[in-house]
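One structure below.
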Amino acid sequence: MPKSLQPFYQKEIEDYKSCFIAGCTLEAWRHLERAHIIGQPYSIEHTAIHAKMLAFGIANRNIKEILGQIPRLLVGGIKSWAGTIPVGNTGRANVPAWRPMPIPKDLQAIIRQAHAKL
């Protein structure tokens, strides 16, 4: 992951942790999804987010999320490495793993700006 994107990725993870501690489940998921969108093209970050999503699914006893995250955890990083990711996909088990999705406008700007610095 480019250094210019790392602070935004880390901020989403920090916000996820704060929401998790506060018991704000929906908001915590939103931050994991945003971190997924930022980190999805990069194997290590992509895999790490799916590990966090799996752990969060376990913590919430969400069977659908647990079962949905296991295959994503196993192949997400490989798909990033191969360049075959569905851009914008939020990474949750409530959407098909292969479906591209619109990237929120603020994240589009962050990603565009980070790539301009490369």
Kindly provide the helix-only [θ] at 222 nm of the chain, computed as the sum of -39,500 (n - 2.57) over DSSP H runs of four or more divided by all residues, to the nearest 500 deg cm²/dmol? -23000 deg cm²/dmol
Need one number: nm distance between label points at Q108 and A82, each 7 Å from Cα along Cα→Cβ, rounded to one decimal. 2.9
Between beta-carbons, use under 11 Å as the cut-off and find the net charge around M101, counting Lys and Arg +1, Asp and Glu -1. +1
Column: log10 I(q)/I(0), Debye, Cα scatterers of the chain, q = 0.17 Å⁻¹: -0.79
What does the net charge come to around G77 if you take all other residues with beta carbon closer than 14 Å to its beta carbon, with K and R at +1 and D and E at -1? +2
Set the Förster radius R0 to 25 Å, insert the Cβ-Cβ distance between A55 and K117 as r into 1/(1 + (r/R0)^6), and round the FRET efficiency to 0.05. 0.20
Beyond 25 Å between alpha-carbons counts as too far, so tell me which of K17/K64; K11/K105; K3/K64; K11/K52; K3/K79 fall in that bin. K3/K64
I'd like the accessible area for S43, computed on protein heavy atoms only with a 1.4 Å probe and all protein chains in place. Round to 10 Å², please. 40
Net charge within 13 Å of G39 by Cβ-Cβ distance, Lys/Arg positive one each and Asp/Glu negative one each, not counting G39 itself? +2
If you roll a 1.4 Å probe over the range 70-118 with all protein chains in place, what percent of the accessible area is carbon or sulfur? 67
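The values are calculated or read from the model by the stated rules, or taken from the named source; none is laboratory data. Everything numeric in this text was worked out from a predicted model, so none of it was measured. Note: ideal-geometry Cβ built from the backbone for every residue, glycine included; neighbour counts use all protein chains shown. SASA here: full protein model, heavy atoms, side chains in, ligands and nucleic acids out. Shrake-Rupley method; radii C 1.70, N 1.55, O 1.52, S 1.80 Å.
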